[in-house]
1. Is at least one residue of the range 224-234 modelled with pLDDT of 90 or more, closer than 17 Å to residue 294 by Cα and within 50 Å of the chain's Cα centre (by Cα)?
2. Within the range 197-204, does at least one residue satisfy the condition of being assigned by TED's automatic domain parsing to the domain that holds residue 299, touching a residue at least 40 places away in the same chain (Cβ under 8 Å) and under 21 Å from residue 179 (Cβ atoms)?
3. Go through 230, 290 for me and flag whichever is closer than 22 Å to residue 200 by Cβ and assigned to a strand (DSSP E or B).
4. Counting only residues that are loosely packed, with under 12 Cβ neighbours inside 10 Å and either in contact (Cβ under 8 Å) with a residue 24 or more places away in the chain or not in a helix (DSSP H, G or I) (or both), how many does the range 68-94 have?
């Protein structure tokens, strides 16, 4: 039998095929679009992640830079009030900026610029303080040199003064008068005025001490005041007739028994000094010392019975 095709069936089949093809094409296009969008989102996510990583790294770098600046600040030291005020202000700015960066509410790129500016200011302080320290060291070295030179000058001066003092001591020592042939004894006076030596204490009316002031070319010539101390057996100084009988000798103050002025012209001169008794003397040893300018000229002793 011969198959007869239905003219209405063929067009319907063609329409179905066309629709199916359109659906397939649309499906492919949608898949392509979805795949494109997915890759785009992936790229955006990757870019965002990279941006976050970059910002985090930059934040850490800026924070590290600011922390290093604070550490360097702690090493700076100066006595200059003006520099110290400026440095304190700089430290506060560093701390404030670092707090903003750590809190994450401040543009990190702007923070980087501000940190670089603060670091330049810090370098300026470092250079200034270093220059001042060098100047101070130079001044200290100069001061040490000056002190050394001053010490040398002082040492030379002291040496000269010591030498001068030694020379003066020799002159003073050489200028001391010396009494030779010193003799002392008791006297009584007869009715005719004649002085007679005696060893009997009950008869002594005066004590005489005679000696020779030797030649001395160093001591200045002129009137010399001689002080005589007569010390009795009891250790007491026989009193002078003058109430003002105090003088200095051997670095101390004491009493003298009699004093006398002698014109001395650097040549030997004979001198006698007399003490007048005011009462009865006792027996024993008597010591006699003569001084001039506070220095001992001579010493002798005698005995009374």
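1. Within the range 224-234, none of the residues are modelled with pLDDT of 90 or more, closer than 17 Å to residue 294 by Cα and within 50 Å of the chain's Cα centre (by Cα).
2. No, the range 197-204 contains no residue that is assigned by TED's automatic domain parsing to the domain that holds residue 299, touching a residue at least 40 places away in the same chain (Cβ under 8 Å) and under 21 Å from residue 179 (Cβ atoms).
3. Result: 230 is the single residue among 230, 290 that is closer than 22 Å to residue 200 by Cβ and assigned to a strand (DSSP E or B).
4. Final tally of qualifying residues: 2.
The values are calculated or read from the model by the stated rules, or taken from the named source; none is laboratory data. This structure is a prediction, so every number in the text was calculated from the model and none was measured. Note: ideal-geometry Cβ built from the backbone for every residue, glycine included; neighbour counts use all protein chains shown.
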